[in-house]
1. For Ile72, enumerate residues with amide H under 5 Å from its amide H, sequence gap 5+ or separate chain, H modeled in the peptide plane.
2. Helix by helix through the chain, keep the DSSP H runs that span 15 Å or more along the axis on Cα and average at least 0.0 on Kyte-Doolittle, and give those back in order.
3. When the Karplus curve 6.51 cos²θ - 1.76 cosθ + 1.60 is applied with θ = phi - 60°, which whole-Hz ³J(HN,Hα) does each residue of region 57-69 get, with x for Gly and Pro?
4. Ignoring ligands, DNA and RNA, what accessible area per residue does region 69-112 give at 1.4 Å, in Å²?
5. How large a share of the accessible area of the chain, in percent, is made up of carbon and sulfur atoms when the probe is 1.4 Å and the other protein chains stay in place?
6. Per residue of the chain, what 222 nm ellipticity follows from adding -39500 (n - 2.57) for every DSSP H run with n ≥ 4, rounded to the nearest 500?
7. Where does each of 137-149, 45-57 land if you order them by average Cβ count within 10 Å, highest first?
8. Within region 53-159, report the GluC sites (Glu not before Pro) that DSSP leaves as loop and that have at most 14 other Cβ atoms within 10 Å.
Amino acid sequence: SSRELCRETGIGPARAARLAACFEIGRRLYRADEQAPFIRGPEDIYQAARDILSARKEHFLTFHLNARNQVIARDTVSIGSLNASIVHPREVYEPAVRNSAAALILVHNHPSGDTDPSDDDLALTRRLVQVGELLGISVLDHIIVAGRATMSFAERGLL
């Protein structure tokens, strides 16, 4: 408490209040970290990306994970057209580096309802995996969502 901190030499009421506020912020951040979802498989990502399932345009998202596969951030990298989305590795990895992500899960929707990856999807995934290897940020999966269906690159052996 602030009173306890004031008993220490060199700490007055103002500094004690600042320190108490810092400790409270730390406690809140720790609790928020404990509540962040763990990603165990594509079904967890499907739940976390439900908001793009009915989108009429392609949305490309990244989920930034810590070393325990716990979501630390979600980023909308691109919103494209009906059947395409422009994604550059720079836009994928800049926020991941800033968030100190250990791994990424890539997610995008197919408004057409077809979960089969296009040639562009395959090429982009390969490129993002290569960049991730250089940066030390693993790409754990790339998931395509469409309606009630999902397709996992990892489960199909495409990573």
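1. Amide H neighbours of Ile72, under 5 Å, 5+ apart: His64, Leu65, Asn66.
2. Once both thresholds are applied, what remains is 119-135.
3. Listing the rounded values in order: 10, 6, 10, 10, 10, 10, 10, 8, 10, 7, 5, 9, 6 Hz.
4. Here the per-residue accessible area is 48 Å².
5. Percent of accessible area from carbon and sulfur atoms in the chain: 51.
6. Theoretical 222 nm ellipticity from helices: -12000 deg cm²/dmol.
7. For the peptides 137-149, 45-57, the packing ranking is 137-149, 45-57.
8. Passing sites in region 53-159 are Glu155.
The values are calculated or read from the model by the stated rules, or taken from the named source; none is laboratory data. Values in this document were obtained by computation on a predicted structure and should not be read as measured data. Neighbour counts are summed over all protein chains in view; Cβ atoms, including those assigned to glycine, are modelled from backbone coordinates with ideal geometry. Please note that ligands, DNA and RNA were not included when accessible areas were found on the heavy atoms of the full protein model with its side chains. Shrake-Rupley method; radii C 1.70, N 1.55, O 1.52, S 1.80 Å.
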